[in-house]
Amino acid sequence: MAAPEAVVFDAYGTLLDVNAAMERHAARLGDRWAALSAEWRAKQLEYSWVRSLTGAAHHEDFWLCTRDALAFVFARHNIRDAGLEKDLMAAYGALPAYPEVPAMLRALRGAGIATAILSNGTPGMLADAVAAAGIENLIDEVLSVELVGVFKPDPRVYRLATRQFGCAPDDLAFVSGNAWDAQAALAFGMRVVRVNRAGAPDEYGLAEAGVPVLGDLGGLPGLLT
């Protein structure tokens, strides 16, 4: 794969460990923390998709979707602990990067490749996240869906990246740990790399389309350069 003009990353679940918030408070949640984390994530994304599909009048930013999703999970499992709920939201606002991410970003920078985040997160969420993860000096641009008022996988979101860099979609490499996000970027015309940390089955025909798959981001600079 020839070097792209820039590499555009999804944030949550790609650069940032979305399970870390629940894991940080695992002692207060017990053995079910991982299942609760997966349910929180699924409901968070469901809320974003439904709000996008039902129109601009129903848009609610990603922080509020995240809060509402956690409230639903707590209610479903009869967890009544407002302090824990508050602590989990605070932890979500300061998720760590996956271990290999800083070195990977430094390698891309050393190769002269620009980097960007394109995320459902609000500008404030993303500013806090990259600072907490210690990668704010390794990312050139941070793009939030709030610029267009609709969530991924709407094509208007991916167009933010081509406008930012003033290039065609296939001049950009898009990297995501979410198969649905990878499919949307591929449909938009971007070159796509999927990160599949859990070894999940192929979806949306990504493998047939020739989308490279990595177990983590450590091999990304070698793949792109």
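The values are calculated or read from the model by the stated rules, or taken from the named source; none is laboratory data. All of these numbers come straight from a predicted model, not from anything done at the bench. Heads up, the Cβs are rebuilt from the backbone with ideal geometry, glycines too, and the neighbour counts pull from every protein chain shown. The area values use the complete protein model at the heavy-atom level, side chains included, leaving out ligands, DNA and RNA. Shrake-Rupley method; radii C 1.70, N 1.55, O 1.52, S 1.80 Å.
Computed quantities for the displayed model
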{"read-out": "Residue check for Glu136: in contact (Cβ under 8 Å) with a residue 12 or more places away in the chain and of a type in the set (Asp, Glu)", "value": "no"}
{"read-out": "Subset tally (residues that are open to solvent by 10 Å² or more (accessible area, probe 1.4 Å), in contact with a strand residue (DSSP E or B) (Cβ under 7 Å, 6 or more places away or on another chain) and over 23 Å from Pro99 (Cβ atoms)) for the stretch 5-39", "value": "1"}
{"read-out": "Subset of the stretch 156-186 that is among the β-branched types (Val, Ile, Thr) and over 23 Å from Val101 (Cα atoms) - its residue that is most open to solvent (accessible area, probe 1.4 Å)", "value": "Thr162"}
{"read-out": "Tally, over the stretch 198-225, of residues that are open to solvent by 50 Å² or more (accessible area, probe 1.4 Å) and touching a residue at least 60 places away in the same chain (Cβ under 8 Å)", "value": "3"}
{"read-out": "Unmet requirement for Pro99, which otherwise passes all of (1) open to solvent by 20 Å² or more (accessible area, probe 1.4 Å); (2) closer than 23 Å to Lys152 by Cα; (3) under 18 Å from the mean Cα position of the chain (by Cα)", "value": "(2)"}
{"read-out": "Selected residue (criterion: farthest from Tyr92 (Cα to Cα)) from residues of the stretch 125-155 that are part of a helix (DSSP H, G or I) and more than 15 Å from the chain's Cα centre (by Cα)", "value": "Pro155"}
{"read-out": "Residue in the stretch 40-58 that is least open to solvent (accessible area, probe 1.4 Å), counting only those that are farther than 12 Å from Asn120 by Cα and over 16 Å from the mean Cα position of the chain (by Cα)", "value": "Gly55"}
{"read-out": "From Ala94, Ala133, Ala127, Ala107, residue being open to solvent by 30 Å² or more (accessible area, probe 1.4 Å) and under 23 Å from Ser37 (Cβ atoms)", "value": "Ala94"}
{"read-out": "Lone qualifier among Glu46, Glu60, Glu23 - being free of Cβ contacts under 8 Å to residues at least 40 places away in the same chain, closer than 30 Å to Ile139 by Cα and part of a loop (DSSP other than H, G, I, E, B)", "value": "Glu60"}
{"read-out": "Boolean, Ala75 is surrounded by 16 or more Cβ atoms within 10 Å (Cβ to Cβ) and part of a helix (DSSP H, G or I)", "value": "no"}
{"read-out": "Any chance Tyr12 is in contact with a helix residue (DSSP H, G or I) (Cβ under 6 Å, 6 or more places away or on another chain) and either modelled with pLDDT of 95 or more or more than 21 Å from Ser144 (Cα to Cα) (or both)", "value": "no"}
